[in-house]
């Protein structure tokens, strides 16, 4: 079977840092992207999403080279830490945009908006404005949109940061359910090891623009062969 | 402010200062207005001038409405193009260029516009090559509109660009990942972001155009294209018809009151932010056609704003400076202008500081008196918008019966009028800064016992150095470029640079005029550069 995400010797220079990524992920996998700040975690997501073009190499999604496709045509949904919803548009519109970017929704699409809200436990919120929702509810709407879009790849950029541990755990289980419903492949940037452990089955550890480790989640934090990892988890000895 | 940042003695002193400042502003504005109203009540309306008043009023409103509509209409696509192209080389220079008209003397701009759009101007020569005639006349309504758009399009575009750049980066990323097209992005994201600043800008532009004097004086003229301001000036200086001037002034005050009310209703809080050299990355704006259209729009906007300035520079440099600098009148005018500008700027800043301090001194136990001072001090800043310089001048002119008997009174009046003109801008610059300083240092100073004069000298003023410099430079630029006040009182003994320039234009000494315009323009633009809170050169790399 073709990998769902296939980064083939992708290189990109940002400022004076050379980033290089080469890995693939099977369909349905959930990968936590870990690493110190500034190591290139978000750059990796931006390369997959199409916000950044690679200098060299190819990005393949479900076997198709999408390197030259705009973000909207890559089959990707994305949830950011903040501002996932347009604050001046109501919830139904915010989700509807995910189904038809020109917002010409037919009856079945409207039903899907309602169903997606119900899926995340916010039935009846269609006419509310994002500002009247709590931070956790807003992130649930963002997940509802990803659910309604049902794209093969779901990118999460520290989406549960700042929600508090209990709420973040709820959101992770919701995300896992949605992932299973739409059979998506998930790449998730986080800086919380516990979050990574509870959500992901695989890890990419990024350090200085490169993949320092690529392996299964279980037992990853016990590894002692990675100086960058122990520095990341426990602080550098000399610091 | 919830907690006191001033001691009780300081608060009392600040209160007295505020009362003094309000009294001073009152003297500057209320006296001439009262004079106009009293004299107006004594003068029964002459029904033979009724049609004339009506026509002038109608034209004033009509040109202001058209100017506003055109400025805003062109500013929307221009601001959008600038927002969609956040990193092309030279972007920062275009943003800086767009800040220049705000401080450019209208007279200088009018001269530049004449050499670009006038009968022998660049545009008409080009059109003449094609069509055989010069099809465009800059005199009359079309000229007034071009000039008003020249001044206000960049202002409106900057305000709207701020609105667009306040939108979070994720909006544009979302638009890209959801595959929203250009029109949908405009309808659902850009237009809602631009609508509020557009409404605020429209109110401001309308206000400025209703009270526009110099541009209409130079480019309008004739009974068909005269505004109230210009008609007041003509009534006093050419026809010596005080009753007519009084009626015109009263109508003008009514109009500005209504406009200001409108501005209050639609404006709301104006949030100003800094424009940065590099804007937000626009991951949604990738279409090739859209990109080319953006470049064309930006180039056209920049050319429209830059051409008159370049023309002023070119024709100014060809002036006979060797002769010009030996005219004693020039040096006298420069000295007078700088003297007036410096005095007006200092007066304006002093009044503003007193008003601002009084506003901050009214916290914990507000008495009726304190509340009144607070309200009045807050209103004073915009009160001066009600009474445009020519109207203020007209009141004093009538009170002093032309003011020819002495030199000092007209000088004092010009300084006062110029100071009042600058007051809203000075207040805006200083109030935010002072608030920040008090919030940051207020309680620390109290706890250290650094209070009273020591605090003003050691803490407040040094912390305010930058905004004070900006306010001083901007107020000076405004005063230096003003023709409104001097137009009523100017004569061979009392001449400022704009007055001298106006005289040269009137007597068709065009090369002298070009040279004077260059000197005046360079002075004002230099001051503006000092004052400009210019776009920061860099921004941290946000990804």
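Read-outs throughout are calculated quantities, based only on the coordinates presented, and are distinct from any laboratory measurement. If you're wondering where the values come from, they're calculated on a predicted model, not measured in any experiment. All Cβ positions, glycine included, derive from the backbone under ideal geometry; neighbour counts span all protein chains shown.
Descriptive notes on the structure:
- Taking every alpha-carbon pair under 8 Å whose residues sit at least 6 apart, chain B reaches a relative contact order of 27 percent.
- Whole-Å distance, taken between Cα centres, linking segment A:138-161 and segment B:454-469: 50 Å
- Value at 222 nm in deg cm²/dmol, rounded to 500, when DSSP H runs of n ≥ 4 in chain A each add -39,500 (n - 2.57): -10000 deg cm²/dmol
- Cβ-derived FRET efficiency at R0 30 Å, residue B:293 paired with residue A:69, nearest 0.05: 0.85
- Here the gap between residue B:511 and residue B:31, fully extended at 0.36 nm per residue and compared with their Cα-Cα distance, gives a gain of 168.7 nm.
- Residue order for B:284, B:294, A:62, A:111, fewest other beta carbons within 10 angstrom first, comes to A:111, A:62, B:294, B:284.
- Tilt relative to chain A, helix A:107-119 - C-alpha long axis, 0 to 90 degrees, to 10: 60 degrees
- Shown is the FRET efficiency for residue A:170 and residue A:27, computed with R0 = 22 Å from the Cβ-Cβ distance and rounded to the nearest 0.05: 0.30.
- Nearest-ten-degree value, helix A:165-182 long axis tilted from longest Cα axis of chain A: 80 degrees
- Potential extension, residue A:127-residue A:58 segment - 0.36 nm per residue separation minus Cα distance: 20.7 nm
- Residues A:110, A:104 in ascending order of nearby Cβ atoms (within 10 Å, fewest first): A:104, A:110.
- Comparing Cα centroids, segment A:69-119 and segment B:278-320 end up 37 angstrom apart.
- Think of it as helices only: each DSSP H run of n ≥ 4 in chain B is worth -39500 (n - 2.57), and spread over all residues that comes to -24500 deg cm²/dmol at 222 nm.
- Cα centroid separation, segment B:167-188 to segment B:475-517 (Å): 50 Å
- Structure remark: mean-square fluctuation, Gaussian network model of chain A, C-alpha springs under 10 Å; the largest value among A:38, A:107, A:72 belongs to A:107.
- Pairwise FRET efficiency - residue B:139 versus residue A:37, Cβ, R0 = 60 Å, nearest 0.05: 0.45
- Look at B:62, B:117 and count the other Cβ atoms within 10 Å of each Cβ; fewest to most, that gives B:62, B:117.
- Using a simple spin-label model with pseudo-atoms 7 Å out from Cα toward Cβ, residue B:54 and residue B:469 lie 5.6 nm apart.
- Selected from A:40, A:164, A:28 as most flexible by GNM, with chain A as the system and alpha-carbon contacts under 10 Å: A:164
- Cα-based shape type of segment A:88-239, given that a ≥ b ≥ c are square roots of the gyration tensor eigenvalues and the cut on a/c is 1.5: prolate
- In terms of its alpha-carbon gyration tensor, the protein assembly as shown comes out prolate; a/c meets the 1.5 threshold, and the first ratio a/b outweighs b/c.
- Rounded if a/c under 1.5, otherwise prolate or oblate - segment B:56-313, Cα gyration tensor axes: oblate
- Here the convex hull built on the C-alpha positions of chain B has a volume of 178 cubic angstrom per residue.
- Full extension of the chain between residue B:66 and residue B:254 gives 65.7 nm of extra length, using 0.36 nm per residue less the Cα-Cα distance.
- Relative contact order computed over segment B:56-313 (Cα-Cα under 8 Å; 6+ residues apart), in percent: 37 percent
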